[in-house]
Amino acid sequence: MEHVEPNSEAIHRETDKKIEWQYFDENSNPVHLSKVVHKDKPLIYIYPFGYSRERGVTKKKVHTVELRGWEEIKNIPTSLRSGSTVKLTVGKLKLLMNFIYQPFPEVEKVIVDKNGSSRFSAKTITFNFQDLERVLKAISKETRTYETRKKTAIANELAKVTQKVSPRATKLSKGALSHHLSFYSDDVSLSEADVDAVLSLISLTPSLNVSVTENFIQTKDKINVAYLDDVIKKFKELMKVKNDNEKNWQSFFESHGWILANIFPFQVVLKGREAYVGGKTIENKEGRVVDFLYQNGFKDNYALLEIKTHNKTLIRKKPYRAPDTFSAHEDLSGAISQCLDQKSTFLTDMGQKYKALDPKVILVVGQKSSLDENQASCFELLRSNQKNVDIVTFDELLEKIKGLKDVLQT
């Protein structure tokens, strides 16, 4: 064997199946088997250690690192190595291992498997490489130096692959929100979830810490306006759809329930979507289902709301009596009949079980803007004389949302 530099690592033995590295001391004597690279299979072993002239070789807490799926050291991802050295005691890996020692104090072997599954036992931790990468990336995202936040990120990622680690709630530290927002411009688009998050954050703040100034009120209005812009955009996109998209409308109104709630002249509480209102035969068939069922704020009556689509026709194009008398289209008359049937069935089958004196029925259907002047007049006459069903069109709902936005902007 050729002369080896003292205090260095070098190949000590090579066979047809593997290559062994040893650490050589100050006298160039081999004192510790440091790694083994197999030739016949993609498998590498690392044996962490420490060395000093006074104490000699000292083994680390984790004394074996097994890397499955890699044939050479140079092929190991740089997230696991520095040059030709694989270490668990530097950077993000050190943070991860320090965390792991708490729930697994007896761990002595770590396996990183390129293709296998993650498994956690008392003495052996096995990471699927992709799972490990996700943990390391989660640590990297915590750009600030708060150790607590990094521990939370580690816990939440590990909890996804093992039940032996519990997720942690992320706590917003002082200054973190302003630091995060400093990276963004004033051109902000907020979803309903964004608005809810901001308002819930404000609700968590002690009232003594919130100064209700004009600036605070204006900021809250700006948030609401940004949210309404997003709602209006989505509403218009649904209005462009040519086919029957009733289910999409139902999902939209379920996500933005306040739009429908504002139709009512009194406070209402949503009791259910696609609610059964009775009417089944003895064979348990033909039951009536209303799109949305509301209860009023006093809980002594109900309201039924049926959603059709913006594409439904309200008034026939051909006049019933020329030149300016038009009759209801079957889309509208059929929807009204359906609503009346649902109300009747609800009163008959559910009226005794639930407090229901005279349920209000609302039908959302069609677009008034699609009518000419004479058709619109006939529609208004028909609507105003329809005492049992209140009819609202989709474009009227859109105008209500726009009106609310205008109020907030003034």
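We did not get these values from a lab; they are worked out from the coordinates using the rules stated. Quick caveat: nothing in here was measured; it's all calculated off a predicted structure. All Cβ positions, even for glycine, are placed from backbone atoms using ideal geometry, and neighbour counts span all protein chains on display.
Just the residues that are closer than 21 Å to V90 by Cβ, out of contact with any His (no Cβ under 6 Å at 6 or more places or on another chain) and either of a type in the set (S, T, Y) or free of Cβ contacts under 8 Å to residues at least 24 places away in the same chain (or both), please, taken from the stretch 8-34.
Once the filter is applied, which keeps residues that are closer than 21 Å to V90 by Cβ, out of contact with any His (no Cβ under 6 Å at 6 or more places or on another chain) and either of a type in the set (S, T, Y) or free of Cβ contacts under 8 Å to residues at least 24 places away in the same chain (or both), the stretch 8-34 yields S8, W21, S34.
Looking at the stretch 35-54 only, could you name the residues that are closer than 20 Å to T89 by Cα and surrounded by fewer than 15 Cβ atoms within 10 Å (Cβ to Cβ)?
G50, S52
Given the conditions (1) farther than 19 Å from A261 by Cα; (2) crowded, with 17+ Cβ neighbours inside 10 Å; (3) of a type outside the set (F, W, Y), which single one is not true for K317?
(2)
If I ask for residues that are over 15 Å from K87 (Cα atoms) and either more than 39 Å from the chain's Cα centre (by Cα) or not in a strand (DSSP E or B) (or both), which ones from the stretch 37-57 would you list?
V37, H38, K39, D40, K41, P42, S52, R53, E54, R55, G56, V57
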